[in-house]
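Rule-based calculations on the coordinates, nothing more; no lab input. Computed from a predicted model, the values in this text were never measured in an experiment. FYI the Cβ positions are ideal-geometry reconstructions off the backbone, even for glycines, and counts take in every protein chain you see.
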Amino acid sequence: MSITILAIESSCDDTSASVIRDGFILSNIMAGQDIHSKWGGVIPELASRAHQKNILPVIDTALRVADITPDRIDAIAFTRGPGLLGSLLVGTSFAKGLSISLDRPLVEVNHLQGHLLSPFLREQESAAALPSFPFLSLLVSGGHTQIVRVDDYLKFEVLGETIDDAVGEAFDKCAKIISLGYPGGPLVDRLAKSGNPLKFKFSKPRISGYNYSFSGVKTSLLYFLRDSIKDNPDFITQNINDLCASFQKTLIDILMEKLIKAADDTGIKDIAVAGGVSANSGLRERIICEGERRGWRTFVPSVNYTTDNAAMIGIAGYYRYLAGLLSSLDVTPVSRSFNI
Ligand code: KG4
Ligand code: ZN
């Protein structure tokens with residue numbers, strides 16, 4: 001029997017809906033929110049209002065592109081958290097309304113588990129290889145930086161995580177310091193392509209185990225620029241590409257050092273990367289290159305599935321549905337990390 005899941009993602013500033021049938025993507029529709037760029041960051045109040053406006057057309061389009069009518073849906077998966085509470089409330093409430101009106105079960109999904117299962121996202125005709133359990137995932141986004149051992153579709157163990165800023169925040173803060181726009185990650189990535197990554201050195205943290213820290217490297221950039229500008233007020237504009245390339249290389253070195261350690265210690269050779277920062281061209285190249293040297297099978301998502309999307313919520317929801325893990329109608333969103 002075929003299983004069709006309608007999935008809804010609204011944890012931050014992207015409204016997305018997807019239809020997944022038997023683990024394959026039939027549609028994945030996204031509506032971004034340009035409104036935040038002029039404020040230099042996501043404004044929660046504006047994000048929830050934009051979700052309210054976007055959610056109906058996005059779901060309607062996802063159903064039309066998948067060429068299904070609502071009565072063909074077997075369950076509604078939605079992001080319960082973590083994320084912005086007002087944003088999560090829009091998706092959760094809409095999912096509940098659909099569940100009641102269609103008389104179909106609700107399946108809550110942890111947003112991070114969605115990112116972690118994104119290597120399983122594929123379209124019907126795709127013959128791409130899938131990771132075997134257990135695999136390691138480097139989860140890098142605007143809110144999280146973790147190394148996770150994925151034992152199963154439902155079992156995840158965090159081996160290490162950041163003790164302060166997430167790596168996406170480090171990219172965004174670097175962009176802010178050198179007066180680029182928001183979100184800064186893609187802008188730093190683009191400028192870094194024509195810069196010299198060895199031109200400048202920034203301090204790296206010394207943290208034990210598999211944990212990360214990114215606040216020191218950001219401060220190191222800040223102090224370095226403060227001193228350099230004293231001697232030459234045009235220092236940033238004259239060196240912008242080299243600054244981006246060197247800062248990006250430092251972040252990637254920090255990420256890779258712990259990932260390599262975790263792979264060596266566990267002996268796991270299936271290595272994935274997920275989350276918004278996995279769109280970074282330097283990081284993608286390094287993981288693939290390191291994988292070739294070390295005999296890893298690497299799983300780097302297509303750029304469409306790096307940032308927040310409902311397809312990853314659909315795939316995680318599909319496996320929860322198969323395991324009978326349904327949610328009741330009194331389920332509420334959670335803004336912080338949580339276990340399910
Ligand atoms: O996963 P995501 O879409 O949202 C969260 O769950 O946080 O990640 C957003 C983060 C932002 O910090 C953004 O700057 C970063 O991903 N990002 C990038 C790139 N594209 C997005 N960072 C570096 N290079 C990129 N190409
Ligand atoms: Zn995310």
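General remarks:
- Taking 0.36 nm per residue of separation and subtracting the current Cα-Cα distance, fully stretching the chain between residue 1 and residue 201 would add 66.3 nm.
- Between 248, 146, 238, the residue with the greatest mean-square fluctuation in the GNM of the chain (Cα pairs under 10 Å linked by springs) is 238.
- Between segment 109-149 and segment 224-249, the alpha-carbon center distance in angstrom: 35
- Residues of segment 57-79 with amide N under 16 Å of a point placed 7 Å along Cα→Cβ from residue 101: 57-64, 69-77
- Residue among 225, 138, 259 with the largest mean-square fluctuation in a Gaussian network model of the chain, springs linking Cα atoms under 10 Å: 225
- Sorted from greatest to least, the principal axis extents spanned by the alpha carbons of the chain come out as 68, 45, 34 Å.
- With the gyration tensor restricted to C-alpha atoms of segment 59-145, the semi-axes of the equivalent ellipsoid amount to 26, 20, 11 Å, longest first.
- The chain - mean residue ellipticity at 222 nm from DSSP helices (-39,500 (n - 2.57) per run, n ≥ 4, rounded to 500): -14000 deg cm²/dmol
- With neighbour counts taken as other beta-carbon atoms within 10 Å, the residues 223, 182 rank, fewest first, as 223, 182.
- Taking a straight Cα-Cα cut-off under 25 Å and skipping sequence neighbours fewer than 8 places away in the same chain, the lysines within cross-link reach of residue 176 are 38, 193, 199, 201, 204, 218, 230, 249.
- Model label zone, residue 22; criterion: amide N under 20 Å from point 7 Å along Cα-to-beta-carbon; scope segment 124-162: 124-131
- Set of aspartates and glutamates near residue 173 by C-alpha distance (under 13 Å), chain-local residues within fewer than 8 positions excluded: 165
- When the P(r) is computed for segment 250-301, the part past 13 Å accounts for 55% of the Cα-Cα pairs.
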